[in-house]
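J.: Can you keep this structure in mind? I'll have questions shortly.
The values are calculated or read from the model by the stated rules, or taken from the named source; none is laboratory data. Small disclaimer: the values here were computed from a predicted structure and weren't measured. As a convention, Cβ positions derive from the backbone with ideal geometry for all residues, glycine included, and neighbour counts pool all protein chains shown.
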């Protein structure tokens, strides 16, 4: 079980500054890493700083980022601090190529014009995005966010950092390592509302964690194939993972409950589009289809709400 947040080990900071190759909006770039407003691994503060706690190949680490005068100022703590700073340009989209996107629809052109700071991040870490994506399979986001929050706070470890009341108040946690995920008892998964199918998928994934982490260095087709060798991981889950771990600009979340209708409504006025029509509409953006969907979502051009397609369940009561 994780220790109380106040017991997080105080660590010495290492720092770095980096100048991005173009406009950069930290909120847009880092936003996909946040799993709900109370995600214990991520904080966005009113002062414009972003805090991220993660488990790197070198160990736990905490990263604080701020943007000032066209530069990004970074501080990091913990065994993974150097790794986080070395990977900073990749994290913030240095390897991304926004100019490769050629909008063929006015909505996409306007969305790109109004969001010049959008770059696709690349964490280089598979498991940290794979596990919450598995938790999000076929449930509401609120249910998945709650499960992620409770599991990380209970079985993760307090994030290393500068100490002091302000840092303690953040209550940042590093997610469990593969062994700790594997040791979570079945009743604990049930208590946080995760059914046996999803928990079994997580357990199968952590057993081959090293092999899955290798996918971060693979091209999209090979990386997706590697992840989808694990029973329970399909195209939607692999895409949601590789968008974050690999910065995969072409990874489309096929099988999403809402995305086909959003894309269909935005590009063709059809809120009832299915996956096949969505892929047809995105075909002109081959190689950049994930960027196209990000821009559509950022445009605000979404269909009017109807009754929810899914209602929250509560298996913990069963």
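J.: Determine which single condition residue 16 fails, assuming it passes every other condition in (1) part of a strand (DSSP E or B); (2) under 16 Å from residue 122 (Cα atoms).
T.: Here residue 16 meets the rest and fails (2).
J.: Residue by residue through the stretch 72-105, note down the ones that are in a loop (DSSP other than H, G, I, E, B), over 22 Å from residue 27 (Cβ atoms) and out of contact with any helix residue (DSSP H, G or I) (no Cβ under 7 Å at 6 or more places or on another chain).
T.: 78, 79, 80, 102
J.: I would also like to ask the following. Tally the residues that are in contact with a helix residue (DSSP H, G or I) (Cβ under 9 Å, 6 or more places away or on another chain), surrounded by fewer than 12 Cβ atoms within 10 Å (Cβ to Cβ) and modelled with pLDDT of 95 or more, restricting the search to the stretch 1-21.
T.: The total comes to 1.
J.: Which residues, taken from the stretch 51-68, are in contact with a helix residue (DSSP H, G or I) (Cβ under 7 Å, 6 or more places away or on another chain), assigned to a strand (DSSP E or B) and closer than 15 Å to residue 87 by Cβ?
T.: Of everything in the stretch 51-68, those that are in contact with a helix residue (DSSP H, G or I) (Cβ under 7 Å, 6 or more places away or on another chain), assigned to a strand (DSSP E or B) and closer than 15 Å to residue 87 by Cβ turn out to be 52, 54, 55, 56, 61, 63, 65.
J.: Hey, can you tell me all the residues within the stretch 66-97 that are touching a strand residue (DSSP E or B) at 6+ places or on another chain (Cβ under 7 Å) and within 24 Å of residue 176 (Cβ to Cβ)?
T.: 76, 77, 78, 79, 80, 81, 82, 83, 84, 85
J.: Pairs needed: first member in the stretch 12-23, over 22 Å from residue 160 (Cα atoms); second member anywhere, assigned to a loop (DSSP other than H, G, I, E, B); C-beta distance under 6 Å; at least 6 residues apart or different chains.
T.: Within 6 Å, the pairs are 23/116; 23/117.
J.: Restricting attention to the stretch 27-35, does a residue exist that is in a helix (DSSP H, G or I), in contact with a helix residue (DSSP H, G or I) (Cβ under 7 Å, 6 or more places away or on another chain) and either at negative phi or surrounded by 20 or more Cβ atoms within 10 Å (Cβ to Cβ) (or both)?
T.: Yes, the conditions are met somewhere in the stretch 27-35.
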